[in-house]
Every structure is written in C-alpha cells, then in structure tokens.
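Have a look at the structure below, then the notes.
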Amino acid sequence: MSDNHTKQAWSLVNEYFHSHQIDPSKYVDYELVRIYLKACQKSTPKGVSISRQGNRLYLRFKTTTKPATANNSCNEDCTRDGCVNALAKALLVAYKLNGCETETEFWSWYESKIKGTKTLVDDCLTIGDAIEIVKNNYLSGYDKCGRDRNDEKSRINTLAIYNKTYGSHHAKLNPKLKLTGENIIPEIIQNWGQLIISISGSQTLCSKGFRNAYTGTLKLFRDTRLDTELAKVQSYFGTLKVVRKTKMQSIDIETFLDFRARVLGLNGYELTKAQLNNIESRRSWFKAICINLLYGFRCSEFKAIQNLDKPVKRGNRVIKALHDPDNYENILVVDDGFWITDSSGKRHYITVKTSKRICCPMIHPDYPNLIELLGIKDSSVKMPETTPDANSNPESIKDIYNKGMREALVRYINQVGEGFTQTHALRHLANHHGKLSGLTRDQRALSLGHSGDMNDRYDEHLTADAEIDLLLTPISKEAEIAELKKQLKHAEETILFLKKENARLNELLGGNDDLPRIG
C-alpha cells in the first residue's frame with residue numbers, strides 16, 4: 001500500500017469530518033471508531049465498499065467471478081487506523097481493477113498487496129524485530145485528529161505517547177525470542193502476572209494496568225499480521241474484565257474552598273514562616289487549580305490558554321482577555337497545545353488531548369461570585385512555570401505540569417490536612433456545577449472537550465451531597481424539553497442503525513433456507 005493512497009485516505013476522512021463538523025478530539029476511542037468507519041465507508045471510490053463483520057473489515061467489489069456482495073479480506077481490524085487503512089486499500093483496489101488485464105493477475109496482486117499474507121510472515125521474526133515494526137508504523141502514522149506524528153514540531157510529544165502506550169511495555173519483553181504465541185504468553189505472565197486478579201473459564205479479571213500492557217503487547221502480532229499467533233494469546237487469556245481498584249476521589253465546592261483557604265492562609269488560617277516565604281508559588285499553583293475547577297480543564301490544559309492576558313479573535317468575534325476587568329463573559333480559548341522550554345533553552349511542543357476549543361466557566365449557582373472569590377482575574381498572580389532538565393525523557397517533559405500540580409497538592413495536604421490529589425476530580429466537579437447552573441449536556445460537553453456520552457459518565461463521581469443537590473435543583477421547562485429532544489434524536493439514530501444492521505444481516509443470510517431469518 002503506497003504512502004500516496006494512505007495520505008489520500010486521511011485527506012478524505014478529514015474532509016468528511018470538516019463537512020459534517022465533527023471534531024475527533026472530542027470523542028473517546030470506542031466512539032471514534034464508529035465515526036471513522038462511517039467516514040471511510042462514505043469516502044470509498046465508486047465500485048468498492050467497506051463492510052464489517054465482528055472486529056474485522058472487508059472490501060466489497062464486483063469481478064467476473066465474484067459478486068459485489070462478497071466479503072474480501074483486507075487484513076484490517078475495526079480500529080481507527082484499520083478503517084483508514086481499509087479506505088486506502090479500497091482506493092488502491094479501484095485503481096487496480098482498471099489496470100489488470102486478467103482476473104488471475106488481479107487476485108495474485110490482491111493476495112500480496114492487500115491481504116499482505118506474503119510480506120511480514122517470517123519464521124525468523126523476533127520480538128525485537130516486531131518492536132521496531134510497531135515503532136516505525138506508529139511514528140510514521142497519524143493521530144486521531146489526523147495530525148502527522150512525524151511532524152518535527154511535536155516529536156517529543158509523539159515519543160512520550162508512544163512510550164506510554166507501547167514502548168514502556170515492549171521494553172520488558174525479551175527481544176531475542178521468536179515472536180510466537182507460546183513465547184508471548186509466559187512473557188506477559190512474568191512481567192504483569194501480579195496485575196491479574198483471577199482467570200476463570202474464558203474470562204480474565206485484571207487491573208487496568210494489565211489490560212494496557214496486554215493490549216500493547218498484542219500490537220506486535222497485529223502489525224506483523226501474525227493472526228494465528230495472536231489468536232493463541234487471546235484464547236489463553238480470554239475476555240478481559242477490568243476490576244477498578246483505584247478509588248476515584250470526589251470533592252465538593254465547600255471542601256475545595258476550605259482547602260484553598262488553609263493553603264493560602266485565608267479566612268483566619270495562619271501559615272508558617274516557611275510557607276509564607278513560598279506564598280507566591282502557592283498562589284500560582286492555586287490560580288491554575290482554580291481555573292481547572294471553573295472550566296473543567298485536564299491537568300495541564302491551563303498552559304494552552306490563548307486569551308489569558310490579551311484578546312483573541314475567533315470568527316467575527318473578539319474574545320476579551322481573562323485578566324480584562326471589563327470581561328464579564330470570562331470565556332477562555334484553548335489552543336492545540338503549548339510550548340515548554342527545557343534547561344538548555346530548547347523548546348518542545350506539547351499537544352492537549354482535546355485540541356482547540358472555546359470554554360465557558362461552570363459556576364455553582366450558590367456561589368455566583370466564584371470567579372472573584374477565586375481571584376483568577378488577578379493579573380498580578382502569575383501562572384506556574386516549570387523547567388524540565390534537558391536530559392529528561394519525553395514522558396517527563398510532556399507530563400512536567402501534571403506532575404508539578406500533583407506534587408504541589410500532596411505537599412499542601414501534608415502541611416494543612418484534608419484536601420485532594422486527583423486533579424481529574426476538578427473536571428468532574430466543574431461538570432456538576434454546570435449542570436446545577438442550567439447548562440445543557442451539549443454545552444457542558446463542548447466546553448469540557450468531549451462527547452455527550454462521556455459527559456454522562458461524570459455523574460458516577462459525585463459526592464452524596466452533590467447527588468442530593470442535583471436532585472433538588474429545579475430545571476426550567478425549556479431546558480427540560482431541549483434535553484428530551486436530544487435524547488429522542490439519539491434514540492431515533494440508534495433505531496435507524498439497528499434497522500440497517502438487521503437488513504444487512506438478512507442480506508447475508510438471504511438465499512439459504514436452512515438459516516433463520518432475522519427480524
């Protein structure tokens with residue numbers, strides 16, 4: 001498969017996203033796979049289509065000996081990359097169908113270039129060889145927003161994500177072993193067996209850490225097309241079920257305000273001499289923490305604010321700086337990422353998970369003056385700055401502000417008592433405040449930078465008091481009707497999808513009187 005066809009496939013997917021106003025950064029993986037599949041199916045060339053059975057993708061096209069309804073393996077899984085690869089192969093097939101003189105010539109080419117059965121299968125392939133293949137494929141690919149991972153600007157960011165997703169797991173494997181299911185199973189057990197709770201029948205109970213390592217290891221088989229060896233490992237471990245061990249922290253606004261007062265020496269709380277000497281740093285970190293509470297930012301997203309101290313233009317509208325005392329809307333514009341300068345003066349670009357977005361504050365209705373109370377418009381209080389060592393690894397550079405904020409919170413708890421350390425708790429609390437204040441599901445999801453379905457999950461992390469507040473909060477008739485309309489539309493789309501799936505399955509079963517009809 002040529003790079004030109006892959007680039008063309010990505011271009012078509014991005015064009016589909018643009019025309020349908022879809023921002024892929026707002027969706028989690030399982031939601032995004034469905035969107036990518038639909039985008040690729042809608043972008044196929046005339047005469048070739050993409051179909052799905054289970055977790056595998058197939059190409060459909062008509063030849064002299066095969067009908068257009070026949071499923072032809074293209075050796076791709078139903079993942080984001082698999083969908084784009086299938087589209088690239090569909091483009092290549094459409095071109096080749098017009099170029100081959102005989103069908104025998106076409107199918108010989110198809111077996112080699114599309115199914116890839118003769119290219120990567122090698123009896124001498126080692127784990128080390130496969131690790132290099134996975135790394136090269138990853139670094140030469142695209143992220144879920146269609147950004148080229150090979151872009152030098154975001155190199156350190158790309159390496160950090162690669163290492164977290166694959167590299168750190170692959171480093172624990174023996175690179176000299178032959179890449180087989182029989183060799184990988186004991187490697188997995190030896191390195192991550194302590195993260196398995198139990199194996200029973202066709203199911204494995206495990207921690208999230210085991211699932212991540214397991215998935216990262218199986219990537220070695222997927223990228224080398226060793227489906228038979230992959231099946232051996234999957235058969236051994238069966239279906240993974242993650243048993244959550246880490247308890248998600250839940251905080252409320254009263255606890256947060258009291259914690260902040262104790263850390264900054266407010267409301268009658270006193271600080272020690274050493275704490276007072278470090279008060280500027282404490283104010284800086286808490287300014288960032290308070291912004292994360294008000295806008296539901298992920299840990300380091302405050303670094304990507306574009307209109308902190310200067311206005312920015314979006315469309316025909318000028319959005320005032322947050323520090324502007326005449327700014328009463330207090331909307332923040334978040335960029336695609338931010339720059340970090342290490343101790344040698346070299347700059348590194350770090351992307352944010354949700355790419356560019358515009359955010360509004362989500363304020364508890366009982367605290368209408370919360371923005372003034374938290375002092376985030378005070379330009380004299382600077383945002384925290386950290387400088388990673390020039391010799392730091394990519395992960396350390398990318399996570400420097402995440403680590404800095406967590407470490408600051410741990411220090412403050414050790415000094416003043418009760419608080420919180422999970423920065424994501426601020427994101428959950430912001431969403432709760434937005435709901436209490438009457439913001440719709442779509443408004444909150446847009447500001448938080450994810451899908452509505454993901455937004456609904458945040459209700460799982462409410463405190464008991466917050467749940468009661470939510471139940472007792474009156475909702476306007478207009479907001480209630482709008483929310484019901486959204487739910488009805490979602491239900492109608494689901495029913496339409498099921499009807500299409502029903503028709504597709506009946507088509508596949510058509511003509512066989514021994515098989516039952518569906519529906």
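The values are calculated or read from the model by the stated rules, or taken from the named source; none is laboratory data. Note that the structure is predicted; figures quoted are calculated from it, not measured. With ideal geometry, Cβ positions are generated from the backbone for all residues, glycine too; neighbour counts draw on all protein chains shown. Accessible surface areas use protein heavy atoms only, side chains included; no ligands, DNA or RNA. Shrake-Rupley method; radii C 1.70, N 1.55, O 1.52, S 1.80 Å.
Condition test on Asn163, is it open to solvent by 30 Å² or more (accessible area, probe 1.4 Å), closer than 25 Å to Ile50 by Cβ, outside any strand (DSSP E or B) and modelled with pLDDT of 85 or more? Explain how you work it out, then say what you get.
Details: open to solvent by 30 Å² or more (accessible area, probe 1.4 Å): yes; closer than 25 Å to Ile50 by Cβ: no; outside any strand (DSSP E or B): yes; modelled with pLDDT of 85 or more: yes.
It is false that Asn163 is open to solvent by 30 Å² or more (accessible area, probe 1.4 Å), closer than 25 Å to Ile50 by Cβ, outside any strand (DSSP E or B) and modelled with pLDDT of 85 or more.
Scan region 256-264 and give yes if some residue there is open to solvent by 40 Å² or more (accessible area, probe 1.4 Å) and among the basic types (Lys, Arg), otherwise no.
Within region 256-264, the subset open to solvent by 40 Å² or more (accessible area, probe 1.4 Å) is 258.
Adding the requirement that they be among the basic types (Lys, Arg) leaves none.
Within region 256-264, none of the residues are open to solvent by 40 Å² or more (accessible area, probe 1.4 Å) and among the basic types (Lys, Arg).
Could you list all residues from region 378-420 that are farther than 24 Å from Ile363 by Cβ, of a type outside the set (Asp, Glu) and in a loop (DSSP other than H, G, I, E, B)?
Selection gives Thr386, Thr387, Pro388, Ala390, Asn391, Ser392, Asn393, Gly417.
Without any contact (Cβ under 8 Å) to a residue 60 or more places away in the chain and touching a His at 6+ places or on another chain (Cβ under 9 Å): which single residue out of Lys310, Lys241 fits that description? Walk me through how you get there before you give the answer.
Details: Lys241 fails: touching a His at 6+ places or on another chain (Cβ under 9 Å).
Step by step, each of Lys310, Lys241 is checked, and only Lys310 is without any contact (Cβ under 8 Å) to a residue 60 or more places away in the chain and touching a His at 6+ places or on another chain (Cβ under 9 Å).
Kindly check whether there is at least one residue in region 97-106 that is part of a loop (DSSP other than H, G, I, E, B), under 30 Å from Cys145 (Cβ atoms) and open to solvent by 10 Å² or more (accessible area, probe 1.4 Å).
No, region 97-106 contains no residue that is part of a loop (DSSP other than H, G, I, E, B), under 30 Å from Cys145 (Cβ atoms) and open to solvent by 10 Å² or more (accessible area, probe 1.4 Å).
Could you identify the single residue in Gln41, Gln21 that is open to solvent by 30 Å² or more (accessible area, probe 1.4 Å) and assigned to a loop (DSSP other than H, G, I, E, B)?
Values: Gln41 fails: assigned to a loop (DSSP other than H, G, I, E, B).
The match here is Gln21.
Here is a list of conditions, (1) open to solvent by 90 Å² or more (accessible area, probe 1.4 Å); (2) not in a helix (DSSP H, G or I), and Tyr30 meets all of them except one; can you say which number that is?
Unmet condition: (2).
Within region 280-306, how many residues are more than 30 Å from the chain's Cα centre (by Cα) and buried (at least 16 other Cβ atoms within 10 Å of the Cβ)?
As a first pass, look at region 280-306 and keep what is more than 30 Å from the chain's Cα centre (by Cα): 280-283.
Narrowing further to those that are buried (at least 16 other Cβ atoms within 10 Å of the Cβ): 282-283.
Here the count works out to 2.
Going by the conditions given, is Lys382 under 24 Å from Asn431 (Cα atoms) and charged (D, E, K, R)? Walk me through it before giving the result.
On the way: under 24 Å from Asn431 (Cα atoms): no; charged (D, E, K, R): yes.
The answer is no for Lys382.
Please indicate, with yes or no, whether at least one residue in region 44-53 is charged (D, E, K, R), open to solvent by 20 Å² or more (accessible area, probe 1.4 Å) and without any contact (Cβ under 8 Å) to a residue 24 or more places away in the chain.
No, that holds for no residue.
Of the conditions (1) of a type in the set (Ser, Thr, Tyr); (2) buried (at least 16 other Cβ atoms within 10 Å of the Cβ); (3) at pLDDT below 85; (4) over 17 Å from the mean Cα position of the chain (by Cα), Thr117 fails just one. Which one is it?
Going through the list (1) of a type in the set (Ser, Thr, Tyr); (2) buried (at least 16 other Cβ atoms within 10 Å of the Cβ); (3) at pLDDT below 85; (4) over 17 Å from the mean Cα position of the chain (by Cα), Thr117 breaks only (2).
In region 394-439, which residue that is open to solvent by less than 40 Å² (accessible area, probe 1.4 Å) and polar (S, T, N, Q) is nearest to Asn292 (Cα to Cα)?
Among them, the one singled out is Thr423.
Evaluate the following for Ala213: is it surrounded by 15 or more Cβ atoms within 10 Å (Cβ to Cβ), in contact (Cβ under 8 Å) with a residue 40 or more places away in the chain and under 18 Å from the mean Cα position of the chain (by Cα)? Full working, then the answer.
Working: surrounded by 15 or more Cβ atoms within 10 Å (Cβ to Cβ): yes; in contact (Cβ under 8 Å) with a residue 40 or more places away in the chain: yes; under 18 Å from the mean Cα position of the chain (by Cα): yes.
Judged against the criteria, Ala213 is a match.
Does Asp326 count as out of contact with any Asp or Glu (no Cβ under 8 Å at 6 or more places or on another chain), within 22 Å of Tyr27 (Cα to Cα), at pLDDT 90 or above and among the acidic types (Asp, Glu)?
no
From the list Gln234, Gln249, pick out the single residue that is open to solvent by 50 Å² or more (accessible area, probe 1.4 Å) and outside any helix (DSSP H, G or I).
Numbers: Gln234 fails: outside any helix (DSSP H, G or I).
Gln249 is the lone residue from the list that is open to solvent by 50 Å² or more (accessible area, probe 1.4 Å) and outside any helix (DSSP H, G or I).
Within region 19-26, can one find any residue that is acidic (Asp, Glu) and within 16 Å of Lys115 (Cα to Cα)?
Going through region 19-26, the residues acidic (Asp, Glu) turn out to be 23.
The next check asks that each one be within 16 Å of Lys115 (Cα to Cα); those that pass are none.
Scanning region 19-26 turns up no residue that is acidic (Asp, Glu) and within 16 Å of Lys115 (Cα to Cα).
Is there a residue being of a type in the set (S, T, N, Q) and either modelled with pLDDT of 95 or more or open to solvent by 70 Å² or more (accessible area, probe 1.4 Å) (or both) anywhere in region 307-322? Write out each step before concluding.
As a first pass, look at region 307-322 and keep what is of a type in the set (S, T, N, Q): 307, 316.
This time we only want the ones that are either modelled with pLDDT of 95 or more or open to solvent by 70 Å² or more (accessible area, probe 1.4 Å) (or both), so: 307, 316.
Yes, the conditions are met somewhere in region 307-322.
How many residues are surrounded by fewer than 15 Cβ atoms within 10 Å (Cβ to Cβ) and either free of Cβ contacts under 8 Å to residues at least 24 places away in the same chain or under 14 Å from Arg282 (Cα atoms) (or both) if we restrict to region 367-377?
3
Residue-by-condition table, conditions (1) open to solvent by less than 30 Å² (accessible area, probe 1.4 Å); (2) closer than 30 Å to Asp23 by Cα:
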| position | (1), (2) |
| --- | --- |
| Arg147 | no, yes |
| Thr158 | yes, yes |
| Gly193 | yes, no |
| Ile196 | no, no |
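Yes or no, residue by residue, for (1) in contact with a strand residue (DSSP E or B) (Cβ under 7 Å, 6 or more places away or on another chain); (2) at pLDDT below 85; (3) more than 26 Å from Asn402 (Cα to Cα):
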site	(1), (2), (3)
Gln415	no, no, no
His432	no, no, no
Arg441	no, yes, yes
Met454	no, yes, no
His461	no, yes, no
Ala464	no, yes, yes
Ile475	no, yes, yes
Lys489	no, yes, yes
Glu492	no, yes, yes
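Does Glu407 fit the bill of being without any contact (Cβ under 8 Å) to a residue 24 or more places away in the chain and within 25 Å of the chain's Cα centre (by Cα)? Even if it seems obvious, please write down each step before you answer.
Numbers: without any contact (Cβ under 8 Å) to a residue 24 or more places away in the chain: yes; within 25 Å of the chain's Cα centre (by Cα): yes.
So Glu407 fits the description; yes.
Considering only region 72-96, state which residues are open to solvent by less than 50 Å² (accessible area, probe 1.4 Å) and in a loop (DSSP other than H, G, I, E, B).
Quick first cut of region 72-96, residues open to solvent by less than 50 Å² (accessible area, probe 1.4 Å) only: 72-78, 80, 82-94.
Cys78, the sole residue that qualifies.
List the number of the failed condition for Arg60; all other conditions in (1) over 17 Å from Gln8 (Cβ atoms); (2) outside any strand (DSSP E or B) hold.
That leaves (2) as the condition not met.
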